[in-house]
Amino acid sequence: SQLREDAIEFNDNIEVGAMIEVPSAAITADLIAPYVDFFSIGTNDLVQYTMAVDRVNEKVSHLYEPTHPAILKLIQSTTDSKKKKPGIWIGICGEMAGNPLWTPLLLGLGIDEISANPTSIPEIKDVICNLNMAEAAEIAKKALQCSSASEVDELCYELVQKITPDIAKLIV
């Protein structure tokens, strides 16, 4: 409005998004969705604030679990916002996004774009190229029924082992 008022040219079609980095934003993503074109889920902060665990604190970092059921449900809550606003896209960044073990899970949960460290991209691409989206949807469905991060990780490892054994060897 200010740019229009000041007669300053700008791109009126620029996409506007929201970062989902705290549980309250994930839980209310359906309320935020009508106002944005995309969401970017920042997994490092989302996990830290949900689990109340600082991942760089040696005394508690072992409790930092990106695949904890609470985290998966918050991601799912965010991707469910697509029902509220068709066409919205959802990206994900952070350490969780850069781990090829979790790529099928993230895609199955409805993530459209992965932002990862450049060194992770070849492995993530290999997993995606060998993944059937029905498998991704199935692993997400099963993971949402798990009661621990270790159960989720086991499901993810089994699928990655099946579709890209060479990548699975790198993860162990």
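The Cα center of the range 71-150 and the Cα center of the range 11-61 differ in position by 15 Å.
Only one residue of 86, 75, 47 has its Cα farthest out toward the positive end of the dipole of the range 41-123, where Lys and Arg carry +1 and Asp and Glu -1 on Cβ, and that residue is 86.
Once C-alpha pairs closer than 8 Å and six or more residues apart are averaged by separation and normalised to the residue number of the chain, the relative contact order reads 20 percent.
Take each of the peptides 1-10, 29-38, 154-163, average the number of other beta-carbon atoms within 10 Å over its residues, and list them starting from the highest.
Details: 1-10: 7.4, 29-38: 16.1, 154-163: 18.1.
Output ranking for 1-10, 29-38, 154-163: 154-163, 29-38, 1-10.
Remark: the Cα gyration tensor places the range 60-122 in the oblate category, a/c being 1.5 or greater and a/b not exceeding b/c. Taking square-rooted eigenvalues a ≥ b ≥ c of the alpha carbon gyration tensor, is the range 1-58 rounded, prolate or oblate, where a/c under 1.5 means rounded and, failing that, a/b exceeding b/c means prolate? Prolate is the answer for the range 1-58, as a/c is 1.5 or above and a/b outweighs b/c.
For the chain, take the longest principal axis of its alpha carbons; what is the angle in degrees between that and the long axis of helix 133-143, to the nearest 10 within 0 to 90? So the helix axis and the longest Cα principal axis differ by about 80 degrees.
Note on the chain: percent of Cα-Cα distances in each 10 Å bin, starting at 0 and stopping at the bin with the largest distance, equals 10, 35, 34, 14, 5, 2. Summary of packing: across the peptides 17-28, 129-140, the per-residue average of other C-beta atoms within 10 Å ranks them, highest first, as 17-28, 129-140. Remark: the chain carries 56 Å² of accessible area per residue (probe radius 1.4 Å; ligands, DNA and RNA excluded). If I fit a long axis through the Cα atoms of helix 69-79 and take the longest principal axis of the Cα atoms of the chain, what angle between them do I get, 0 to 90°, rounded to 10? The angle comes out near 40 degrees. Dividing the mean sequence gap of close Cα pairs (under 8 Å, 6+ apart) by how many residues the range 73-121 holds gives a relative contact order of 42 percent. Can you give the angle from 0 to 90° between the axis of helix 149-163 and the longest principal axis of the chain, with both taken from C-alpha atoms, to the nearest 10? Compared with the principal axis, the helix lies near 80 degrees. When the pairs 142/162; 59/125; 141/162; 125/169 are compared against a 23 Å limit on Cα-Cα distance, 59/125 fall above it.
The values are calculated or read from the model by the stated rules, or taken from the named source; none is laboratory data. All values reported here derive from a predicted model rather than from experimental measurement. When we count neighbours, we look across all protein chains shown, and the Cβ atoms used for this are built from the backbone with ideal geometry, even at glycine. Areas reflect the complete protein model, heavy atoms only, side chains present, ligands, DNA and RNA absent. Shrake-Rupley method; radii C 1.70, N 1.55, O 1.52, S 1.80 Å.
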